[in-house]
Amino acid sequence: MRRVFLLLLTATAFAATPRPEVPQPQFSREQWVSLNGPWQFAFDDSASLADPRGVTFTKTITVPFAFESKLSGIGDTSQHPVVWYRRRVDIPRDWPGRHLLLHFGAVDYRASVWIDGKLAGTHRGGNVPFVFDITPLVHGRNATIVVRAEDSPTDRYQPRGKQYWQPKSRSIWYTRTSGIWQSVWMEATGENYLERVRITPSNDGTVRFEALLAHEGKDLEVSAVIAGAPEASAKVAERRAVVDAKVADPKLWSVESPNLYDVVFELRRGKQVLDRVHSYFGFRTIAVQNGRVTINNQPVYLKWVLDQGYWPDGILTAPTDEALVADIRASQEMGFNGARKHQKVEDPRFLYWADKMGYLISSEMANAQRYDAEYAGAFTEEWIECVERDYNHPSIIVWAPINESWGVPALVEPVQQAHIKALYELTHSLDNTRLVIDNEGWEHTTSTDLFAFHDYVPQGKELAEKYKNLGVPGSDIPDISKKALIPGYPYNGTPFYLSEFGGIAFIPDKSKVPQEAWGYSGVEPTADAALKRLRGLYEAITGVRVIAGICYTQLTDVEQEVNGLLTFDRHAKFDASKLKELNALLK
C-alpha cells in the first residue's frame, strides 16, 4: 500500500509559523506578515462577556486551527458557543506611515475584533474572508488584537455544512469547526488601496480588470501589467476603474494545459504608487453545447470526485500547503479531472493549486438545515461574498449554492422554491461566465444549467436498468430519495450530471477507523470486491450516453464514513492505475 502523503507532522515541524505561505495568492501584497501561531485563548460558555474587559485568558491556541482540532494544541470537541483570542503584534520597522490591513481568512461564525481595546469591526459568515483597516487604532510600534468568535453548535438555521449539531459526529455529519480556522495576516499599503479587482478574460486575448478602491480620491489611476504584454491603465472615478488590456496570441487554460498569466496592479497618483497587488488569471470559456459541458468550445467529460476537505488533525484546515497539493495530485493520478468541493468554501490555497495543476472545481456553499427569512438573508449575503472571493479562479467552472434541499427542506412551498431560483439568478447576475446548479442532487426547477442527480444504487446492472431511458423524449427522469423535479416543473433539457454515486466502502487491514464506521450499501470485505463493484457501476454509466459527467463519492474517508478511495490519513486503498483505467472508460 503506497503512502500518498504523510499527514501527521512532528511537533518540530510546527515550531515555526504554521501555514506560513501567502494566504491569498490571487490578491497579495509584498509587505505582509503572517499572524498564524500561538494566541492566548479562552472559552466563554456563558457568553456573558461582550468586550475584552474581564476576559481571563487561560489557554494557548495555535492559529489557524480550530480549538476542536489536535493541531490547535487544545483538541476539545465539546460544545463551546463563544471563544476569545488575544495576541500582541509588532509593526514591522519598514511600515511607518503605511495603512495597516488586518485580514482573516475565515472565522466561524460571528466575529468581533478589537485593537488595543477599541472595536475595529464585526463580521458574520463562517466561510469567507474579511479585512479591517486598523490604521486609526494603532499608535506606536505594536498593538494587541482581541477576537471574539460566536458559533452556536446547535443552530440549524446557520450555514454549517457537514458540521454536526450534536456533541459527537455520526453518519454523514462530522466534527465541528469553531472560531478562527483560516490564516490571519497583516498587510501594509498606502493611504488609499485596492479592495478587489475582478478579472474577466476572453479567449481572443482581451481581458477586463474592474478595480474597486477603498476610498474615493482625486487624480488616481489604476494600471495593470500582464507578464509579456504592454501596460494598460485607466482613471479612477467614484472608487472604480475599468482597465482593458490585450494579450497577443493567448495561451488558453485547460485541464491539459493550465496556462496562467501573472499580473501586477498599481494604484497611482502621478508617479506615486499608493498600492501594488499581485494576481494571476487564465483564459478559458465554459459553456453547454449539444448536451455536453465545454471548455474553450471543446467537450469535456466531467470525471470528478467528491472532496469533503476534512483532515484528521486539522478538521476543516489542512495541516500544510503541501497537503492540499497532495490531495489534488492523488486525485489526478486516479484519473479524475476535478472535484466537487462538498459543503465547504475551500481554502484559497487549494484553489490556487487547482488553477496551477489544471483541476476543475465545482464550488459549493456550506448549507444550513432549516429555512426562515433570517436564514435566507444570512445565507445569501455569505454566498455573494463567496462568489466575489473566488470569481477570478479559472479552475472553478460550476457554482452550486444548495445541496440536496439543505436549508430548503420543504420545496413544495413557493417561498422556498423562490429562494433557490433567486440564488440561481443572483449567481448569474454576479457571474455569467460559469454554470450554476439550483439544487445539487434532486428537486430541480427549470433554473439550472446542469441536471445534477445523486444515486447510490449499489450494482451496475441496477443502475443500467434504472437509467436506460434517461433523456429519451417522453420518459420520466427516475426519482432517487426525493423527486428529481419539484412537482410542476418540467425538465429543461440541460446535461445530466451524476454528481454523487458509488460510495463503496472498504477498510484496509490495519486501518484504524471508529467502531461505528459505515458505508453506502455496507462495507466490502476486500479491495478486489470493492473494485469489482466499482467497475460494474462505471461500465453501466458508459451505456447511459446522455450522462455528461460524474462525481464519485468520495476522495477520502472522513471520521466514521469510510467511502473514501483514500483513508482519512491519506493512505491509498487501491492501485491508482486501476482507478485511472475506469475513468478512462468515460468519454
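The values are calculated or read from the model by the stated rules, or taken from the named source; none is laboratory data. Here the structure is a predicted model, which is why all the values come from computation and not from measurement. Glycine also receives a Cβ, built like all others from the backbone with ideal geometry; neighbour counts cover every protein chain displayed.
For the stretch 305-319, state whether one or more residues are surrounded by fewer than 24 Cβ atoms within 10 Å (Cβ to Cβ), assigned to a helix (DSSP H, G or I), at pLDDT 95 or above and not assigned by TED's automatic domain parsing to the domain that holds Ser254.
Scanning the stretch 305-319 turns up no residue that is surrounded by fewer than 24 Cβ atoms within 10 Å (Cβ to Cβ), assigned to a helix (DSSP H, G or I), at pLDDT 95 or above and not assigned by TED's automatic domain parsing to the domain that holds Ser254.
Taking the condition part of a loop (DSSP other than H, G, I, E, B) and within 24 Å of Arg160 (Cα to Cα), does Glu68 pass?
Values: part of a loop (DSSP other than H, G, I, E, B): yes; within 24 Å of Arg160 (Cα to Cα): yes.
Against the criterion (part of a loop (DSSP other than H, G, I, E, B) and within 24 Å of Arg160 (Cα to Cα)), Glu68 qualifies.
I need the full set of residues from the stretch 158-184 which are more than 19 Å from Phe43 (Cα to Cα), hydroxyl-bearing (Ser, Thr, Tyr) and either buried (at least 18 other Cβ atoms within 10 Å of the Cβ) or in contact with a Pro (Cβ under 8 Å, 6 or more places away or on another chain) (or both), in order please.
If the condition is that a residue be more than 19 Å from Phe43 (Cα to Cα), hydroxyl-bearing (Ser, Thr, Tyr) and either buried (at least 18 other Cβ atoms within 10 Å of the Cβ) or in contact with a Pro (Cβ under 8 Å, 6 or more places away or on another chain) (or both), then Tyr164, Ser169, Tyr174, Ser183 are the ones that fit.
Give the residue that is farthest from Thr542 (Cα to Cα), with candidates limited to residues of the stretch 256-304 that are of a type in the set (Phe, Trp, Tyr) and in a strand (DSSP E or B).
Phe265
Filter the stretch 393-431 down to the residues that are of a type in the set (S, T, N, Q) and closer than 24 Å to Asn337 by Cβ, then identify the one that is nearest to the chain's Cα centre (by Cα).
To start, the set of residues in the stretch 393-431 that are of a type in the set (S, T, N, Q) comprises 395, 403, 405, 416-417, 427, 429.
Applying the additional criterion that residues be closer than 24 Å to Asn337 by Cβ yields 395, 403, 427.
On the way: Ser395: 12, Asn403: 14, Thr427: 16 Å.
Within the stretch 393-431, the match that is nearest to the chain's Cα centre (by Cα) is Ser395.
Regarding the stretch 555-576, can at least one residue be identified that is among the basic types (Lys, Arg), surrounded by 19 or more Cβ atoms within 10 Å (Cβ to Cβ) and within 28 Å of Ile397 (Cα to Cα)? Can you show your working first?
First, pick out the residues of the stretch 555-576 that are among the basic types (Lys, Arg): 570, 573.
When the remaining residues are screened for being surrounded by 19 or more Cβ atoms within 10 Å (Cβ to Cβ), the result is 570, 573.
Narrowing further to those that are within 28 Å of Ile397 (Cα to Cα): 570.
Within the stretch 555-576, one or more residues are among the basic types (Lys, Arg), surrounded by 19 or more Cβ atoms within 10 Å (Cβ to Cβ) and within 28 Å of Ile397 (Cα to Cα).
Taking the stretch 489-523 only, how many residues are over 24 Å from His342 (Cα atoms) and modelled with pLDDT of 95 or more?
Going through the stretch 489-523 one residue at a time, the tally reaches 6.
Among the residues of the stretch 50-82, which ones are touching a residue at least 24 places away in the same chain (Cβ under 8 Å), in contact with a Ser or Thr (Cβ under 6 Å, 6 or more places away or on another chain) and hydroxyl-bearing (Ser, Thr, Tyr)?
Thr62, Thr77
What residue, among those in the stretch 138-157 that are of a type in the set (Gly, Ala, Ser) and in contact with a strand residue (DSSP E or B) (Cβ under 7 Å, 6 or more places away or on another chain), is surrounded by the fewest Cβ atoms within 10 Å (Cβ to Cβ)?
First, the residues of the stretch 138-157 that are of a type in the set (Gly, Ala, Ser): 140, 143, 149, 152.
The next check asks that each one be in contact with a strand residue (DSSP E or B) (Cβ under 7 Å, 6 or more places away or on another chain); those that pass are 143, 149.
Numbers: Ala143: 19, Ala149: 26.
Here the answer is Ala143.
Being in contact (Cβ under 8 Å) with a residue 40 or more places away in the chain, closer than 18 Å to Ser171 by Cα and not hydroxyl-bearing (Ser, Thr, Tyr) is the filter here, so list the residues in the stretch 506-521 that pass it. Steps first, answer last, please.
Just the residues of the stretch 506-521 that are in contact (Cβ under 8 Å) with a residue 40 or more places away in the chain, to begin with: 506-508, 511, 513-514, 516-521.
Next cut, closer than 18 Å to Ser171 by Cα only: 506-507, 513-514, 516-521.
Correct list: Phe506, Ile507, Val513, Pro514, Glu516, Ala517, Trp518, Gly519.
May I ask you to verify whether Val544 is surrounded by fewer than 21 Cβ atoms within 10 Å (Cβ to Cβ), without any contact (Cβ under 8 Å) to a residue 60 or more places away in the chain, in the same structural domain as Gly471 (by TED's automatic domain parsing) and among the β-branched types (Val, Ile, Thr)? First the steps, then the outcome.
Details: surrounded by fewer than 21 Cβ atoms within 10 Å (Cβ to Cβ): yes; without any contact (Cβ under 8 Å) to a residue 60 or more places away in the chain: no; in the same structural domain as Gly471 (by TED's automatic domain parsing): yes; among the β-branched types (Val, Ile, Thr): yes.
Taking the combined requirement at face value, the residue does not satisfy it.
For (1) at positive phi; (2) surrounded by 19 or more Cβ atoms within 10 Å (Cβ to Cβ); (3) touching a Lys or Arg at 6+ places or on another chain (Cβ under 6 Å), each residue gets a yes or a no:
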{"site": "Tyr280", "(1), (2), (3)": "no, yes, no"}
{"site": "Asn297", "(1), (2), (3)": "yes, no, no"}
{"site": "Lys303", "(1), (2), (3)": "no, yes, no"}
{"site": "Ala339", "(1), (2), (3)": "no, yes, no"}
{"site": "Leu360", "(1), (2), (3)": "no, yes, no"}
{"site": "Arg370", "(1), (2), (3)": "no, no, yes"}
{"site": "Ala373", "(1), (2), (3)": "no, no, no"}
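Any chance you could count how many residues in the stretch 122-141 are part of a helix (DSSP H, G or I) and in contact (Cβ under 8 Å) with a residue 24 or more places away in the chain? Give the steps one after another, and end with the answer.
Step one: filter the stretch 122-141 for residues part of a helix (DSSP H, G or I), giving 135-137.
Checking the rest, the ones that are also in contact (Cβ under 8 Å) with a residue 24 or more places away in the chain come to 135.
Result for the stretch 122-141: 1.
I'm trying to understand the selection: among the residues of the stretch 559-576, which are assigned to a loop (DSSP other than H, G, I, E, B) and over 11 Å from Met334 (Cβ atoms)? Even if it seems obvious, please write down each step before you answer.
Within the stretch 559-576, the first condition is being assigned to a loop (DSSP other than H, G, I, E, B), and the residues that meet it are 559-560, 562-565, 567-570, 573-575.
Answer for the stretch 559-576, where residues must be assigned to a loop (DSSP other than H, G, I, E, B) and over 11 Å from Met334 (Cβ atoms): Glu559, Gln560, Val562, Asn563, Gly564, Thr567, Phe568, Asp569, Arg570.
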